[in-house]
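Note sheet for the following structure.
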Amino acid sequence: MPLPKFDPLLQFRAPFNYELAGKNFNIIMDDGNEFFVRFIDGENLQWSENGGAFVWRKYECLKGETDLYFVHIIVSTEKGKEVHYSMVLDVAQDLVTLVITQEGLIEPFERLIKVTPVFGAIKYPGKALTEKRHFFTDRMTGRRIEWHYSSGFFKMHIYYKPTLYRLPKVDVGSFERRYAAEEDPAEKERLKGWVDRFNIELPIYPFGEEPCFHITINDHFNLFCFCEENETRLYPDHSIAGGGLILLQDLDRLVQNGIGYGLGSYDLTTAYGVERFEPDEVESLDSPYDNTNLETIPCIYDLKF
């Protein structure tokens, strides 16, 4: 009997968490917006912005640790373009980091997402709003972690700079061997597409490099985000890439939970990491990319380390 095929981002995904059911939060953001959130049950919430009427929304939640949650909400759809909120709800410190993700804002690359992180805090009646915040960090710079999303899918993240991460060179031979051994016609055709793509792309762009940011949540957790902007711009026909990841990373246990975007869709995902200590050859190479006018994560141009 053939083994079941898994979506490469979903096989290791942790169970959704329902501990927020029945809880309410008044959230004050540093950009001046105020939200009130009622978690009705494990899948539905009511959401009010700036004193407006409550609206019902579905939500999904993955847990980081005690009183630390990654919550995903699709807030609105404007002209067919979804607006996503990925929220790190840090009840232990009364803090919130909100990552706003919007589609279709970067022409002519409609598949690219645009990402805006905003810091804030939870307000309680009779208690002053804490002045503490989550904050941008460079503490991951120089680390290399191989993240496994399923039994057959992993990616090495080389945290090359605070606002750029790199991927090692692609082992085209492994794809060619999988292509030769594959018996399913649809999967064989898919693998052939990857082999052809890499053979064209690698002589020009020998490794991956993409914009990113890191946010310190606490001593043990980071929030990491990157977008596949350089890769997307290699393909003006929009046939490749367009995705990104927003991940709450447990740096002690090397587990990350979050959301992956790609080709107009999204999935919540979990990965398990293995730290690699030997430098990769791409770390010493000059970048072939022009990273001066990237549009997916504007905040990286303001970060000073």
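Annotation for the range 157-172: at least one member residue is loosely packed, with under 15 Cβ neighbours inside 10 Å and without any contact (Cβ under 8 Å) to a residue 12 or more places away in the chain. Please indicate, with yes or no, whether at least one residue in the range 37-58 is touching a strand residue (DSSP E or B) at 6+ places or on another chain (Cβ under 9 Å), within 29 Å of TRP147 (Cα to Cα), touching a residue at least 40 places away in the same chain (Cβ under 8 Å) and open to solvent by 70 Å² or more (accessible area, probe 1.4 Å). Within the range 37-58, none of the residues are touching a strand residue (DSSP E or B) at 6+ places or on another chain (Cβ under 9 Å), within 29 Å of TRP147 (Cα to Cα), touching a residue at least 40 places away in the same chain (Cβ under 8 Å) and open to solvent by 70 Å² or more (accessible area, probe 1.4 Å). Look at the range 1-20: where a residue is in a loop (DSSP other than H, G, I, E, B) and a partner is at pLDDT 75 or above and among the β-branched types (Val, Ile, Thr), sitting 6+ places away or on another chain with Cβ atoms under 6 Å, you get LEU9/THR269; PHE12/THR270; ARG13/THR269; ARG13/THR270; ALA14/THR270.
PHE12 falls short on exactly one of the conditions (1) open to solvent by 60 Å² or more (accessible area, probe 1.4 Å); (2) at pLDDT 95 or above; (3) touching a strand residue (DSSP E or B) at 6+ places or on another chain (Cβ under 6 Å), and that condition is (2).
Residue-by-condition table, conditions (1) on the phi < 0 side of the Ramachandran plot; (2) surrounded by fewer than 19 Cβ atoms within 10 Å (Cβ to Cβ); (3) aliphatic (A, V, I, L, M):
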| residue | (1), (2), (3) |
| --- | --- |
| GLY243 | yes, no, no |
| ILE246 | yes, no, yes |
| GLN249 | yes, no, no |
| TYR266 | yes, no, no |
| THR269 | yes, no, no |
| VAL274 | yes, yes, yes |
| SER287 | yes, yes, no |
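For the range 86-115, a residue qualifies if it is part of a strand (DSSP E or B), open to solvent by 20 Å² or more (accessible area, probe 1.4 Å) and closer than 21 Å to LYS58 by Cα, and the qualifying residues are ILE100, GLN102, GLU103. From the list GLN256, GLN249, the one residue that fits, being touching a Leu at 6+ places or on another chain (Cβ under 9 Å), free of Cβ contacts under 8 Å to residues at least 60 places away in the same chain and in a strand (DSSP E or B), is GLN249.
If I ask for residues that are over 28 Å from ASP90 (Cα atoms) and assigned to a loop (DSSP other than H, G, I, E, B), which ones from the range 202-228 would you list? Selection gives LEU202, PRO203, ILE204, TYR205, PRO206, PHE207.
Among the residues that make up the range 231-244, is at least one of them in contact with a Ser or Thr (Cβ under 9 Å, 6 or more places away or on another chain), in a strand (DSSP E or B), modelled with pLDDT of 90 or more and not basic (Lys, Arg)? Scanning the range 231-244, I find at least one residue that is in contact with a Ser or Thr (Cβ under 9 Å, 6 or more places away or on another chain), in a strand (DSSP E or B), modelled with pLDDT of 90 or more and not basic (Lys, Arg), so the answer is yes.
Assessment of the range 162-173 against the conditions (part of a helix (DSSP H, G or I) and farther than 28 Å from ILE300 by Cβ) yields at least one matching residue.
The values are calculated or read from the model by the stated rules, or taken from the named source; none is laboratory data. Bear in mind the structure is a predicted one, so any value in this text is a computation, not a measurement. Heads up, the Cβs are rebuilt from the backbone with ideal geometry, glycines too, and the neighbour counts pull from every protein chain shown. Note: areas computed on protein heavy atoms with side chains; ligands, DNA, RNA excluded. Shrake-Rupley method; radii C 1.70, N 1.55, O 1.52, S 1.80 Å.
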